[in-house]
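Reading through the C-alpha cells given below for one structure.
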Amino acid sequence: MPLISKLTVRLKRHPKRVVFPEGSDPRILQAARKFASNSLGIPILLGDRAKIKANAEKLDINLEHIRIIEPRRSDEWGNFVKKFEGLRRFKNLKDKDIEQYLDDTNYFATMMLATSQADAIVSGATSSASSALRPLLQIVPRLPEVNTVSSLNIFDLEDLETGKDRELFLADCAVVPNPTSEQLADIAVTTAALRYHLTNKKPYVALLSYSSKSVTSKDPTVAKMKAATKMARNKARELGIPMEIDGELQVDAALDPITAKAKKIDGPVAGHANVLIFPDLHSANIASKLVDTLTRARNYGPILTGLAKPAAEISRGASAGDIFGAAVMVASQAIDHKLLYPTDNSDDLNEDVTIL
C-alpha cells in the first residue's frame, strides 16, 4: 500500500486542522475538499470569503466542513496583534505596522500555527518560496535539538523489480543553498527522524557525493560529506534515534545493491538507502525535479524539518493532488508517533526512541 494511503487511514483516527494561507486558489480548494471528504480533519482556508465561495462555486466544490477565515474579521485578530508585538523580532513595531504583517495571510497562518489554532500549515501555492518561508522562520521556534531548518521531498514509488512500495526521502531540496558539515548532519538526522515517524521503518541514510569512500580525494566537498557523516552518526546516537548512516556514497551505490557490490561498498546502507542527503541545494533540487519529471512518481513536499511545528512549503507548480499529499504528510507529522503507529512494528523497531 502506498505511504499516502497508509497515512490517510491512520489520520482518520486522529484528524488534524491544516491551515492554507492561499485559500481561494482552485488547487487549494480541491485539496481541501478531498481532505475534508476523507474525514482527515478540518481544512482552514484564509482569504476573502466572497472570493473563496465564488471560486468554489465555479468548481462545484462543497465547502461543508471547511473553515474560512478572513484575518481582519477573525476573533483572534486583536490577540494576534498583541502576541506579534511580544515577539522579540517585532517588539519595536507599531500596531499599524504589525497589522500590515498580519494582513499577509502567510503571517496570519503562521500565527495560527504558533498559537496552536492549527496543527499544520501548507503554504507556497501562489507565493514565492521566500514569502512562504519567511514567516515560519521568523515566528515558529526550532526544535531544541536542532540548529538548522531544512526541507525534504518524499517520493512514493514502486520498486521496479519487486513491485513493492518504496519511499525515498530527499534533502535538502529548498532551503539551505550550501550547507556546512554541521548543517548537513542536522539535515540528515531530522530527515531520517521524519521518515521514521511517517513510515515506522528504520531509515538508511546516504550522504551523497560524486565519489564513494574515496581515500585519495582532496576535494573539500568530499571532505564535507565525510565529516557530516561522522557528525550525523554521533547526533543520532545521542538522541537515541534508530538509523543507519553512511557516506560519502555515489547515488547508484546508495540505491542499487548490485552496483554497491561491484564497487565493493559494504555496510547496511549500501544499495538500500531510503534517505538521500545531497551536498548542496543545486544537486538536491535538480535531482528532485528530475525524478519528478521523468518518473511522475507521487511526490510530496517540500516538507520543512527542524521546526517545532509541522509545515510544508510547496511549489507554485504543485497540483491539487500534490497539495493534498503534502497536507496528509504534515497532518500526520502532528500526530504523536505512538498514536500514529500504536501496535505496528514494521521494521522490528521496539526501542523507546526520541522522535524529533
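The values are calculated or read from the model by the stated rules, or taken from the named source; none is laboratory data. Bear in mind that the values here come from a model prediction, so they are computed numbers and not experimental data. Cβ placement follows ideal geometry from the backbone for every residue including glycine, while neighbour counts extend to all protein chains displayed.
Quickly run through the stretch 217-240 and pick out the residues that are of a type outside the set (A, V, I, L, M, F, W, C), crowded, with 19+ Cβ neighbours inside 10 Å and within 22 Å of the chain's Cα centre (by Cα).
The answer is Thr229, Arg233, Lys235.
Taking the stretch 70-103 as the region of interest, how many residues are under 26 Å from the mean Cα position of the chain (by Cα), surrounded by 14 or more Cβ atoms within 10 Å (Cβ to Cβ) and touching a residue at least 40 places away in the same chain (Cβ under 8 Å)?
Number satisfying all stated conditions: 1.
Tell me yes or no: at least one residue of the stretch 110-122 is touching a helix residue (DSSP H, G or I) at 6+ places or on another chain (Cβ under 6 Å) and either in a loop (DSSP other than H, G, I, E, B) or surrounded by fewer than 18 Cβ atoms within 10 Å (Cβ to Cβ) (or both). Spell out the reasoning first.
So in the stretch 110-122, the residues touching a helix residue (DSSP H, G or I) at 6+ places or on another chain (Cβ under 6 Å) come out as 110-111, 114, 118, 120-122.
Pick out the ones that are also either in a loop (DSSP other than H, G, I, E, B) or surrounded by fewer than 18 Cβ atoms within 10 Å (Cβ to Cβ) (or both) and you get 118.
Within the stretch 110-122, one or more residues are touching a helix residue (DSSP H, G or I) at 6+ places or on another chain (Cβ under 6 Å) and either in a loop (DSSP other than H, G, I, E, B) or surrounded by fewer than 18 Cβ atoms within 10 Å (Cβ to Cβ) (or both).
Would it be correct to say that Thr305 is surrounded by fewer than 21 Cβ atoms within 10 Å (Cβ to Cβ) and hydroxyl-bearing (Ser, Thr, Tyr)?
No, not satisfied.
Within the stretch 179-196, is even one residue surrounded by fewer than 23 Cβ atoms within 10 Å (Cβ to Cβ), aliphatic (A, V, I, L, M) and not in a strand (DSSP E or B)?
no
Take Ala120 and decide whether it is modelled with pLDDT under 95 and closer than 30 Å to Arg296 by Cβ.
When the stated conditions are applied, Ala120 does not pass them.
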